[in-house]
1. If you take the residues of segment 1-18 that are part of a loop (DSSP other than H, G, I, E, B) and closer than 24 Å to residue 77 by Cα, which of them is modelled with the lowest pLDDT?
2. Modelled with pLDDT of 85 or more, among the charged types (D, E, K, R) and assigned to a strand (DSSP E or B): does that describe residue 503?
3. Given the criterion at pLDDT 85 or above and within 24 Å of residue 177 (Cβ to Cβ), identify the matching residue among 272, 333, 309, 314.
4. Can you tell me which residues in segment 191-211 are touching a helix residue (DSSP H, G or I) at 6+ places or on another chain (Cβ under 6 Å) and touching a residue at least 12 places away in the same chain (Cβ under 8 Å)?
5. I'd like to check something: does segment 522-530 contain any residue that is among the hydrophobic types (A, V, I, L, M, F, W, C), at pLDDT 50 or above and under 14 Å from residue 468 (Cβ atoms)?
6. Looking at (1) assigned to a helix (DSSP H, G or I); (2) modelled with pLDDT of 90 or more; (3) of a type outside the set (S, T, N, Q); (4) more than 30 Å from residue 226 (Cα to Cα), which is the one condition that is false for residue 56?
7. Scan segment 133-158 for residues that are touching a helix residue (DSSP H, G or I) at 6+ places or on another chain (Cβ under 7 Å) and closer than 18 Å to residue 47 by Cβ and jot them down.
8. Only one of (1) buried (at least 18 other Cβ atoms within 10 Å of the Cβ); (2) without any contact (Cβ under 8 Å) to a residue 60 or more places away in the chain is not met by residue 126, so which one is it?
Amino acid sequence: MPHQSLYRRFRPQRFAEVVGQLHLVRALSNAVREDRVGHAYLLSGPRGTGKTSTARILAKALNCEALGDDGEPCGTCHSCTAVAAGTSLDLIELDAASNNSVNHIRDMTEKAALVSSGRRKVYLLDEVHMLSAAASNALLKTLEEPPPHVVFILATTDPQKVLPTIRSRTQQFELSLVGADEMAPHVRAIAEAAGAPVDDAVVDYVTDRGGGSVRDALSALDTVLAAGGIPDDRTDVNALVQALANADLAATLIAVAEATSAGVDARDLAERTARRLRDMFLAGAGVEPAELTPADIASARELSDAMGRRANVRALEALGSALAQMPQSADRRLTLETALVGLLADEVLGSGAPSAAVPASAAPARGPTGRVAPPAGGPAAARAAMAATKAPPSLDAPRVAAQPPPPPAPPPAASVPPAAAPPTSPTEAEPQPEAAERTPASAMTTADLQRIWETQIVERLRPVAAGLFREANVLAHDRNVVTVRLSEGVPVDQAQRRCNEVEAVLSEVLDQTVRLEVSGSGNVAGPASTAHDDAPPPPPVPTAPAEVASPPPSHDAAPAASAPEGGTAQQSETGSASASAVSQESVSQESVSQESVSQETGSSASSQESKVQQIVDRFPGSVVVRVDEGTT
């Protein structure tokens with residue numbers, strides 16, 4: 001006699017033998033016992049939960065010659081043995097996945113009117129959601145009003161794809177996955193009935209491999225019995241899940257490489273990992289999945305606590321995205337590895353919460369902006385380099401890479417206290433509190449921003465903007481708005497024209513788009529108000545030309561003074577001496593007026609130079625740009 005698989009050899013033959021579907025067997029057995037069987041049933045649920053087996057038991061009960069009082073078939077009469085052997089004319093099984101055309105359905109409905117040898121003729125349509133739209137419509141009329149002796153049983157794993165008009169004409173029952181508390185005794189009983197008792201380790205392994213499906217569990221039991229024990233599980237995902245929980249990129253890629261090199265398909269590996277991550281998420285939330293054993297639930301809860309809720313959800317999203325891309329991918333392993341690298345790169349760059357599995361002493365050092373400092377070298381440096389790769393666009397928006405700030409120029413002793421001077425090298429940097437080091441740049445406080453204002457922000461500005469904002473005080477940092485108050489004497493209008501330069505540097509340092517708002521220390525506006533109150537006032541401009549000492553005659557006034565002399569020589573020929581005198585007096589007054597204007601212009605220029613010199617003294621290192629029309 002040829003060998004028969006355990007799930008076929010020990011298929012349920014009575015309602016009481018169906019595992020984990022008490023609601024279904026109770027309804028069907030009561031209907032058979034009370035003769036209230038419906039004309040159509042729709043059984044839906046995951047694979048291996050007993051849809052086909054229950055339909056066959058119902059067909060046996062409807063035609064059993066010695067039906068029990070509890071609605072159970074006897075299993076010994078001619079009709080029951082024929083159904084069990086698959087030779088009964090009262091049970092017609094049709095695979096809707098391959099017989100899904102209109103002609104197949106028409107042929108079935110035409111033959112349904114024919115009477116068979118039994119009391120009831122049962123039509124079992126498996127995978128009914130695979131019927132075409134035309135075939136489903138052809139089934140509607142017969143399904144609604146079948147002949148009195150016909151019962152339709154429709155089975156599907158995807159009830160949402162079944163037409164609503166079909167679902168409304170049937171009694172619907174949903175079958176669920178079998179829990180571990182019911183699966184484990186069932187597996188142990190079948191192993192003993194097969195003559196091969198197994199220990200608890202094998203039962204736990206088979207139950208876990210079944211995942212709530214009785215057929216999958218019995219197939220796994222067949223594999224264990226054939227191998228003589230638990231085989232080397234090449235699709236074990238514990239190493240991969242542990243690496244993800246620790247955010248260890250190298251260990252993650254090694255686990256994927258070992259599994260795929262052993263012949264495991266990347267899609268199967270991703271599916272099992274996603275299912276394990278789901279169990280961890282549920283266990284961490286206080287929900288105990290029925291298909292898991294108590295040991296598996298405890299292990300999943302520990303991994304969930306170590307990984308963290310946020311990292312667990314992000315890993316599920318990454319694997320779900322990879323599974324969605326795999327049907328169109330030429331290399332499934334590459335798709336899986338890319339998703340995992342993008343996931344862990346984002347975690348290492350600081351966007352994710354640090355894993356609880358990493359001790360506080362081993363937490364990576366962070367700079368003022370919250371970036372993770374790269375390790376010194378070795379495998380850790382290689383992992384950090386791989387983790388610094390850019391994440392795929394489908395996971396997160398691209399991040400701005402942080403650039404190291406240029407070495408700051410030594411500030412003058414008058415403007416920067418010695419304690420606030422920037423360190424000359426990273427090793428001499430002043431140690432910051434641990435809480436500030438771990439604060440993300442986007443959540444930097446006003447005090448933190450004020451501390452790095454001159455050392456990392458002002459020193460990157462061009463000289464004019466650096467002079468305007470060097471001694472500014474940070475008033476507030478609310479989300480993406482930074483408000484600063486200028487020092488006394490700095491013109492607000494000039495600073496506002498330079499805000500775009502400061503916003504660019506702030507956005508680079510804080511790794512986000514920042515808008516700068518400027519407020520002055522008083523009513524200061526315009527370039528004429530740049531001098532300090534304590535600076536010496538400029539010399540007064542003379543107002544009376546007669547009181548100013550006569551400077552040496554200018555080059556412009558000399559030709560004007562010589563012109564009347566020429567005019568007098570020409571007028572002497574006509575004998576007009578009086579006209580010559582009047583001309584000389586007019587020219588003399590014009591010369592005095594030009595000398596007065598020249599001296600006033602010189603005094604104004606001297607005053608302007610004095611103001612510029614005061615600005616240069618106030619802001620060391622600034623550059624004065626002269627523009628036409630007198631603008632400085």
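The values are calculated or read from the model by the stated rules, or taken from the named source; none is laboratory data. Note that the structure is a prediction, hence the values are computed from the model and not measured. Here the Cβ is made from the backbone with ideal geometry for all residues, glycine too, and neighbour counts use every protein chain on show. Protein only, heavy atoms only, side chains kept; ligands, DNA and RNA dropped before computing areas. Shrake-Rupley method; radii C 1.70, N 1.55, O 1.52, S 1.80 Å.
1. The first filter runs over segment 1-18 and keeps only residues part of a loop (DSSP other than H, G, I, E, B), leaving 1-5, 10-14, 18.
Next, only the ones that are closer than 24 Å to residue 77 by Cα stay: 1, 4, 10-14, 18.
Values: 1: 55, 4: 82, 10: 90, 11: 91, 12: 91, 13: 91, 14: 91, 18: 93.
Only one residue tops the list, namely 1.
2. Values: modelled with pLDDT of 85 or more: yes; among the charged types (D, E, K, R): yes; assigned to a strand (DSSP E or B): no.
Taking the combined requirement at face value, the residue does not satisfy it.
3. Working: 333 fails: within 24 Å of residue 177 (Cβ to Cβ); 309 fails: within 24 Å of residue 177 (Cβ to Cβ); 314 fails: within 24 Å of residue 177 (Cβ to Cβ).
The match here is 272.
4. 196, 198, 202, 203, 206, 207, 210
5. No: zero hits.
6. Tallying (1) assigned to a helix (DSSP H, G or I); (2) modelled with pLDDT of 90 or more; (3) of a type outside the set (S, T, N, Q); (4) more than 30 Å from residue 226 (Cα to Cα), residue 56 fails exactly one: (4).
7. 153, 154, 155, 156, 158
8. (2)
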